1. If the requirement is being surrounded by 23 or more Cβ atoms within 10 Å (Cβ to Cβ) and under 24 Å from P131 (Cα atoms), which of these qualifies: G230, G225, G248?
2. I need a count of the residues in the range 222-273 that are of a type outside the set (S, T, N, Q) and touching a Ser or Thr at 6+ places or on another chain (Cβ under 6 Å).
3. Can you spot a residue in the range 29-37 that is without any contact (Cβ under 8 Å) to a residue 12 or more places away in the chain and closer than 25 Å to A260 by Cα?
4. Please go through the range 105-134 and pick out each residue that is closer than 16 Å to V43 by Cα, assigned to a helix (DSSP H, G or I) and more than 15 Å from the chain's Cα centre (by Cα).
5. Among the listed residues T102, T28, T80, which satisfies the condition of being assigned to a helix (DSSP H, G or I) and of a type outside the set (F, W, Y)?
6. Could you list, in sequence order, all residues of the range 82-103 that are more than 29 Å from A10 (Cβ to Cβ) and either touching a strand residue (DSSP E or B) at 6+ places or on another chain (Cβ under 7 Å) or surrounded by 13 or more Cβ atoms within 10 Å (Cβ to Cβ) (or both)?
7. Looking for whichever is under 16 Å from G82 (Cβ atoms), surrounded by fewer than 19 Cβ atoms within 10 Å (Cβ to Cβ) and of a type in the set (S, T, Y) here; the options are Y37, Y44, Y31. Which one fits?
8. Please identify the pairs in which a residue from the range 1-21 that is assigned to a loop (DSSP other than H, G, I, E, B) has its Cβ atom under 8 Å from the Cβ atom of a residue that is charged (D, E, K, R), counting only partners at least 6 apart or on another chain.
Amino acid sequence: MGRQRTINDAEFWRSPRVADRTQEDKATLLYLLTSPYSNIIGVYQIVPRIAAAEMGWTADQLLSILYRLSSSDLADFDATSGFVWVKNWWDHNSAKMAVATTLRLRTLLQIDAIPTLWRDEFLCDFLSRLPSNENDNGQSSANLRALIASEIANRGYRVSLPYTQGSPSPDGNSNSNGISNSNSTYSKAQLEFPELEAAVLTELSVVIRQLPSQIQQDVLDEIAGKLKAGMLRSPIALARHFASNPAGFTLTQGICVKLAREKRKQVQEELEAQAKRHADELALNDEKLLELSERQFIEKHQNLPAALLERMRTRRAQLTQILPSL
């Protein structure tokens, strides 16, 4: 008998993250949420050829959609291992149930199998989904999050664990301690704001500039994290609260946002480095083309395919025309 998978209809069809996606994207997300390959935590291996066939597509079609979902932070796919991470998994499944007594060991074993590149960000998001204020008996369940974090840490993984303590902040949540503030500084051009209405963004930008530069981005990450978790009523009020007492700010719900942002920055830097290396190689090739006489050019490249030789000859002629004007 197949497993039963439940989809939260409002979180799927009315979610801003999903509503504007193409029909192919939505169909693929539904498949990933209900796939026969799926497991407890939403990070599992697939065989693209078989998964595509189950949807009536080719493997290339499915892969192109998976990469598109990855760029939108709805799913990640590792072509080397075949692992997929369904990033809206916990919108439809219970993190608390995943660490219930009967499932906890299987959950921990599945966490062990997560590709290293994803593990820190996954654990941050997963732990933030565990209840932190009450259990089924109305008693404090902050210890559940701490217990699971401890078990995960004992398996050798880095864990960042917020815990509730202190006076309430304007968003209706308590201030947290136990995670050090970032010392990174950000220029105005580097600040990354959450998705908000233009008027709110304008006012938020003014308030954020009142904060010390070293925590401006962290505060924005905290706001984005609380918005994503549905824990924030007023981004402006929270920003003003932190502006009035910057020494009391601690990054908690924003840790996952920060990890994802730093990952995007790292990927962008790698792409820019690759582009620079490519440009340097082209410049070196251009220099070598210009150093050769016509006779040397023919002798050196006479064994190349005719099409490639013609492209190189055209490029050499373009460089010869450009050079006098430089």
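Throughout, read-outs are computed from the coordinates displayed, never taken from laboratory work. Being a predicted model, the structure only gives us computed values, none of them experimental. Positions of Cβ are generated from backbone atoms using ideal geometry, with glycine treated the same way; all protein chains shown enter the neighbour counts.
1. G225
2. The first filter runs over the range 222-273 and keeps only residues of a type outside the set (S, T, N, Q), leaving 222-233, 235-243, 246-249, 251, 254-265, 267, 269-273.
Then drop every residue that is not touching a Ser or Thr at 6+ places or on another chain (Cβ under 6 Å), which leaves 241, 255.
Count: 2.
3. So in the range 29-37, the residues without any contact (Cβ under 8 Å) to a residue 12 or more places away in the chain come out as none.
Among the residues of the range 29-37, not one is without any contact (Cβ under 8 Å) to a residue 12 or more places away in the chain and closer than 25 Å to A260 by Cα, which makes the answer no.
4. We begin by selecting, within the range 105-134, every residue closer than 16 Å to V43 by Cα; these are 105-127, 129.
Still in the running and assigned to a helix (DSSP H, G or I): 105-112, 116-127, 129.
Selection gives L105, R106, T107, L108, L109, Q110, I111, D112, L127, R129.
5. Numbers: T102 fails: assigned to a helix (DSSP H, G or I); T80 fails: assigned to a helix (DSSP H, G or I).
Just a single option satisfies the conditions, and that option is T28.
6. Here is the first cut: in the range 82-103, the ones more than 29 Å from A10 (Cβ to Cβ) are 82, 101.
Hit for the range 82-103 is G82, nothing else.
7. Values: Y44 fails: surrounded by fewer than 19 Cβ atoms within 10 Å (Cβ to Cβ); Y31 fails: surrounded by fewer than 19 Cβ atoms within 10 Å (Cβ to Cβ).
Among Y37, Y44, Y31, only Y37 is under 16 Å from G82 (Cβ atoms), surrounded by fewer than 19 Cβ atoms within 10 Å (Cβ to Cβ) and of a type in the set (S, T, Y).
8. Final answer for the pair search is N8/D91; S15/D91.
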